[in-house]
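Following: one structure in structure tokens, then a few remarks.
Just so it is clear, none of the values below were taken in a lab; they were calculated from the coordinates. Keep in mind that this is a model prediction, so the values were computed, not measured. A quick note on method: Cβ atoms are made from the backbone with ideal geometry, for glycine too, and the neighbour counts reach across all protein chains shown.
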């Protein structure tokens, strides 16, 4: 069985990038994949692509406003 070399955890104040900078590329990739899957499902169900796109944008806006409302 392979053994793992001991490694220390870098404290937050010594990180080269912020957590946001580290997570942002993955978040954007997942967002694009999710959007594509949702739009494909909506079009397959018979929605016109323009309506599906507007509906998804409305959902994202509603979610963002909900999040902003919780922080104030």
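Taking the number of Cβ atoms within 10 Å of each Cβ as an exposure proxy, the fewest-first ranking of 7, 66 is 7, 66. Computed from Cα atoms, the angle from the helix 19-44 axis to the main principal axis of the chain rounds to 30 degrees.
How do 43, 17 rank when sorted from fewest to most other Cβ atoms within 10 Å of their own Cβ? Numbers along the way, then the final one.
On the way: 43 14, 17 9.
Fewest to most other Cβ atoms nearby, the residues stand as 17, 43.
Comparing 25, 11, 48 in a Gaussian network model of the chain where C-alpha atoms under 10 Å apart are linked, the largest mean-square fluctuation is found at 11. As a rough footprinting exposure proxy, the listed residues 13, 63, 35 were ranked by other beta carbons within 10 Å of their own, and the order from fewest upward is 13, 63, 35. So what's the back-of-envelope 222 nm ellipticity for the chain, counting only DSSP H runs of four-plus at -39500 (n - 2.57) apiece and dividing by all residues, rounded to 500? Mean residue ellipticity at 222 nm (helix-derived): -24000 deg cm²/dmol. Once Rg and the Kirkwood radius are both taken over the C-alpha atoms of the range 17-71, their ratio Rg/Rh works out to 1.09.
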